Amino acid sequence: MMSARLTYVGTGIVLLAGAALARADGPGVVEQIKKALAGTKISLAQAIETAQKEVPDDPVVDAELKWNRAPVYFEAELLAGRTLKEVRIDPVTGKLLGTDDQKLDETAALALADLRQALAGAKLTAVQAIQVAVKEVPDGQPIAIELEGEPGRLAYGVKLLQGDQLREAKVDLVQGKVFDVVTEPLPLALWTFDALESGKTPPDLRVRETHPGPKLGVWQVAADSTAPSKPNVLALSTDEPKATFNVALFQPMAYKDLDLRVRIKANSGQVDQAGGLVWRCNDENNYYICRINPLEDNFRVYKVVDGKRSQLQSTEFKAETGKWYHVRAVMVGDQITCYVDGKKYLDVKDDTFKDAGLVGLWTKADASSSFDDLAVFAPPAAKPEEKAKGKAQDVGDDDD
């Protein structure tokens, strides 16, 4: 079943349907998690117990093994009044590494206050929820837990690595038992930028332009307190002319059929604020791209062939400058479907690019944007035909 996650991202409580846990700076996610787990001497439950000694009687919002960090550590977030307290624990010694306080805005504080009140009727703590989940998923190693709100139900989602699969056991906190176990996909490749040095360009990033301007845009890792996956994002700073497309390609892996996802925030742009995803890319002049644009209030998918961009489909979508959106493109064969925040808006066929290509990020002209957690998943299994949301239109050539 699909659950609605309550996740704090700095600007308030945001509902993320089926949000992926995985965070890494490159491929081999399963191997990275296993390596991190092998180096730990304490469990996730023990890390939470240490955190709760620091913040007694305050509920755990989420906790996880930060397996893509160097060094690896546990982090727990607990609600302490109107503050979200982040507690870091050494995975070998079990000792406290440090704490940070994150003040909540009014919306976030009210939402978490409601959760605190609801937790008054809970029969299980976070540690007990993990114990229940482990019994339900034999040989599963807990790596994360997150408080989830659903209509009429309060639960912890406990993520466990079982073999090469990520399993999530949903534990009802009132009934005290597991009511659902789902298998979540782990990405084929994933870039989060959190372990990279701020102010540097990622070493595997190829910066290019379609219709080059006088100066390449600057793609650099930057700290961003609003990032869905803190602390860093990949930020583009550019002032290119109207005709230029800013392209950042990740190498060396190439993909054909794929499920490509990223979070994007438009920061500025007088001429344009469009930004999005690139896939099946041969070079900076040949690729597919889907993008949102706060200046135009639309969501579109294009192909770029020999530098000429042709619009495949467009729909109305109102986006805001400075707000994070989850943009997703799925392509299998010649079928392209594109989503924003879990909702499908575009659905079109095109067979111009039939072979595997690089994936990447894209903006137009002076659109300076930030990107977080670029992920490549295997495409989902075929499902019954589903109509795209909104009034999508298939359109021909379009260079606006």
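The values are calculated or read from the model by the stated rules, or taken from the named source; none is laboratory data. Predicted model, so just to flag it, every value in this text is computed and none were measured. When we count neighbours, we look across all protein chains shown, and the Cβ atoms used for this are built from the backbone with ideal geometry, even at glycine.
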query: Looking at region 234-267, which of its residues are part of a loop (DSSP other than H, G, I, E, B) and not β-branched (Val, Ile, Thr)?
result: Asp239, Glu240, Pro241, Lys242, Ala243, Lys256, Asp257
- request: Would you check if there is a residue in region 6-22 being surrounded by fewer than 20 Cβ atoms within 10 Å (Cβ to Cβ), modelled with pLDDT of 90 or more and not polar (S, T, N, Q)?
  value: no
- prompt: Can you tell which of Asn285, Asn267, Asn232, Asn293 is over 21 Å from the mean Cα position of the chain (by Cα) and either under 28 Å from Met331 (Cα atoms) or surrounded by 15 or more Cβ atoms within 10 Å (Cβ to Cβ) (or both)?
  reply: Asn285
- prompt: Are any residues in region 114-166 over 12 Å from Pro59 (Cα atoms), among the basic types (Lys, Arg) and touching a Leu at 6+ places or on another chain (Cβ under 7 Å), and if so, which ones?
  reply: Lys123, Lys159
- request: Quick one: which residue in Thr321, Thr363, Thr352 is of a type in the set (Val, Ile, Thr), closer than 28 Å to Thr226 by Cα and either part of a loop (DSSP other than H, G, I, E, B) or not assigned by TED's automatic domain parsing to the domain that holds Asp283 (or both)?
  value: Thr321
field: Given (1) outside any strand (DSSP E or B); (2) crowded, with 22+ Cβ neighbours inside 10 Å, index of the condition Leu196 fails
entry: (2)
- prompt: Counting just the residues of region 342-376 that are among the aromatic types (Phe, Trp, Tyr) and under 16 Å from Val305 (Cα atoms), which one comes out surrounded by the fewest Cβ atoms within 10 Å (Cβ to Cβ)?
  reply: Phe353
message: With the requirement that a residue be over 21 Å from Trp67 (Cα atoms) and at pLDDT 90 or above, what does region 139-173 give you?
response: Ala155, Lys170, Val171, Asp172, Leu173
query: Do we find a residue being of a type outside the set (Phe, Trp, Tyr), under 16 Å from Ala365 (Cβ atoms) and out of contact with any Cys (no Cβ under 6 Å at 6 or more places or on another chain) anywhere in region 316-331?
result: yes
task: Hey, can you tell me all the residues within region 268-297 that are assigned to a loop (DSSP other than H, G, I, E, B) and of a type in the set (A, V, I, L, M)?
output: Val271, Ala274, Leu295
- prompt: Among the residues of region 157-178 satisfying the criterion of being in contact with a strand residue (DSSP E or B) (Cβ under 6 Å, 6 or more places away or on another chain), free of Cβ contacts under 8 Å to residues at least 60 places away in the same chain and within 20 Å of Asp114 (Cα to Cα), which is surrounded by the most Cβ atoms within 10 Å (Cβ to Cβ)?
  reply: Val171
- prompt: From the set of residues in region 324-339 that are closer than 21 Å to Lys230 by Cα and of a type outside the set (Phe, Trp, Tyr), which is surrounded by the most Cβ atoms within 10 Å (Cβ to Cβ)?
  reply: Val327
- prompt: In region 36-57, which residues are buried (at least 17 other Cβ atoms within 10 Å of the Cβ), at pLDDT 95 or above and assigned to a loop (DSSP other than H, G, I, E, B)?
  reply: Thr40, Ile42, Ser43
- request: State whether one or more residues within region 134-141 are surrounded by 14 or more Cβ atoms within 10 Å (Cβ to Cβ), within 22 Å of the chain's Cα centre (by Cα) and in contact (Cβ under 8 Å) with a residue 40 or more places away in the chain.
  value: no
message: Quick test of your reading of the structure: Gly149 fulfils all but one of (1) over 23 Å from the mean Cα position of the chain (by Cα); (2) surrounded by 15 or more Cβ atoms within 10 Å (Cβ to Cβ). Name the failing condition by number.
response: (1)
- line: Going through region 199-225 in order, the residues found to be part of a loop (DSSP other than H, G, I, E, B), among the hydroxyl-bearing types (Ser, Thr, Tyr) and in contact with a Phe, Trp or Tyr (Cβ under 8 Å, 6 or more places away or on another chain) are Thr201
task: Report whether or not Gln313 is more than 30 Å from Asp224 (Cβ to Cβ), assigned by TED's automatic domain parsing to the domain that holds Ala266 and either buried (at least 21 other Cβ atoms within 10 Å of the Cβ) or free of Cβ contacts under 8 Å to residues at least 12 places away in the same chain (or both).
output: yes
query: Quick one: how many residues across region 213-222 are surrounded by fewer than 20 Cβ atoms within 10 Å (Cβ to Cβ) and at pLDDT below 95?
result: 4
- line: Apart from one, (1) in contact with a strand residue (DSSP E or B) (Cβ under 6 Å, 6 or more places away or on another chain); (2) over 14 Å from Asp172 (Cβ atoms); (3) modelled with pLDDT of 90 or more; (4) not in a loop (DSSP other than H, G, I, E, B) all hold for Pro91; the odd one out is (4)
Whichever residue in region 114-132 is of a type in the set (Val, Ile, Thr) and touching a helix residue (DSSP H, G or I) at 6+ places or on another chain (Cβ under 9 Å) and, among such residues, is surrounded by the most Cβ atoms within 10 Å (Cβ to Cβ): Ile130
